[in-house]
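To start, the structure under review is shown below, and the notes come after it.
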Amino acid sequence: MKILDKYLLKTFLITFTTVFVILFFIFILQTIWLFIAELAGKDLDIFMIIKFLLFSMPRIIPLVLPLSILLASIMTFGNLAENYEFAAMKSSGISLQRSMRSLTIFIFLLSFVAFLFANNVIPYAEYKFINFRKNIAQVKPALAIAEGQFSDVGAYNIKVNKKSGDNGNILTGITIHKKSNIGDGSKTVIKAKDGELISSEKSSILQLVLNDGNYYEDIVPKKYTDRAKLPFAKSSFKKYTINIDLSQLNASTVDDTDISNTNTMLTANELNYTLDSLSKNLKTEIISYSENINLRTGITNTVARVQEEKQKKKTLPNNLLSLYSNEQKSEILKMANSNVVSTGYSIESTKVNLLNKQKNINNHLLAFYDKFVIAFACFLMFFIGAPLGAIIRKGGLGLPIVFAVLIFIAFHFINTFGKRIAQENGLSPFMGAWMSSFILSPLAILLTYRATNDIGLINMDVILAPFQKLFQKLFPSQK
């Protein structure tokens, strides 16, 4: 039996390695295509481009590994069934489960390694990858502005149609959006025909000199009724200079790690600790807001006045306003109306804020569950692919690729769909992360059962039997 286990393991490993390398290369090409705008035309040396790709490679593993296991298992067991090697094993009393034992142990170890990789390597690589992208502009300040797209530079979003000159410092067709200090979007737009970047490697100030342009600024009226008119101010200029502080962007070198963490940069323990803090902060903010909104309504003062009247009189009038003068009544009604309006605005803004915080918690929970989903996905794809290959009895790169691609697309689509719903609070993060696994697990059980009992992929007799009975009822003379 050791000879058989070694043979199956060797066959699977050769196929798995070949498929993994090919798929990994394809996904790397896709990564290059996605980030080509950040790499092309920026005079980056080959070392920095290789470093960029190395930092982006680990994030591809969760996609490549399950697909490689699925395709390799279909091809391996398909070849064995096609060449009647399974028939020889079964004639010798070796069942499908026994033949899968050595590979099951290997997949278990591979799943454990995948979890360690997702928990340690991917967060570190993601941390370095985002830091590297944010600090590419440190090599040359002019690299902070890319051609044909909006670039986030300090307090500005800048787009230029064309860059020219020796260092790309001559700009044509400039559009600039200035960020608001209070975080409510961009209310200032600057457009210019051309301009020039003036910078120094010793200085963190990037000077942008604009020529022949216009300056637009939205004005927010104090009265809410006037805001629907969307007033703005416009001015033109022959020459306008903007000083952009790149100290935040260039505060660290390419190898430094001075940017804040996100959910994809944390290990399971760090995510668990962060989730505990985020949940406590959210609950504290909800309690604090509910107490503050109660005080803002002025109900406390009114209740105190009613209690005072109760002490003086045994019964209170049906109309509590009768306790006050007309002037006081007017002030109370105005205050009530003002409180209702302001409270409504406060509740809406707080609701959006609390919803964003809940979404942040959901994203952290999804990142936490993803580390376990990738390990289970390796098991799942193996127990789908191995029995499916034994059933279809086809190896090579034909039919197995079709089945593998269809199953993996279904898995990836359900996984993405579940996460999107969970992010928007439409589903619990646990169900969103594990939805694809829960849906495809019955398929793995069904295929394993059918392959073990030598049942085909589709039993045509079961499908055709109802039609045969119907035909016999309609045409009894044709029996």
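The values are calculated or read from the model by the stated rules, or taken from the named source; none is laboratory data. Note that the coordinates shown come from a computational prediction; the quantities given were computed from them, not determined experimentally. Every residue, glycine as well, gets a Cβ built from its backbone with ideal geometry; the counts of neighbours run over all protein chains shown. Each accessible area value is taken on the protein alone, full model and side chains, heavy atoms only, with ligands, DNA and RNA left out. Shrake-Rupley method; radii C 1.70, N 1.55, O 1.52, S 1.80 Å.
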### Task
Report, by residue number, each residue of the stretch 2-23 that is among the aromatic types (Phe, Trp, Tyr), at pLDDT below 90 and open to solvent by less than 70 Å² (accessible area, probe 1.4 Å).
Phe12
### Message
Give me the strands (runs of 3 or more DSSP E) completely within the stretch 122-208, filtered to those with at least 2 residues that are at pLDDT below 80, open to solvent by 50 Å² or more (accessible area, probe 1.4 Å) and on the phi < 0 side of the Ramachandran plot, ordered by residue number.
### Response
186-198
## Note on the structure
Just one listed residue, out of Asn250, Asn269, Asn261, is under 30 Å from Phe129 (Cβ atoms), modelled with pLDDT under 75, open to solvent by 80 Å² or more (accessible area, probe 1.4 Å) and not basic (Lys, Arg), and it is Asn261
### Query
Looking at (1) farther than 30 Å from Lys162 by Cβ; (2) open to solvent by less than 30 Å² (accessible area, probe 1.4 Å); (3) at pLDDT below 85, which is the only condition Leu65 fails?
(3)
### Sole residue being modelled with pLDDT of 85 or more and open to solvent by 20 Å² or more (accessible area, probe 1.4 Å), chosen from Ala336, Ala367, Ala410, Ala377
Ala410
### Summary
Gly385 vs (1) more than 28 Å from the chain's Cα centre (by Cα); (2) open to solvent by less than 50 Å² (accessible area, probe 1.4 Å): all pass except (1)
### Task
Kindly list the number of the only condition in (1) out of contact with any Leu (no Cβ under 7 Å at 6 or more places or on another chain); (2) closer than 30 Å to Met89 by Cα; (3) among the aromatic types (Phe, Trp, Tyr) that fails for Phe413.
(2)
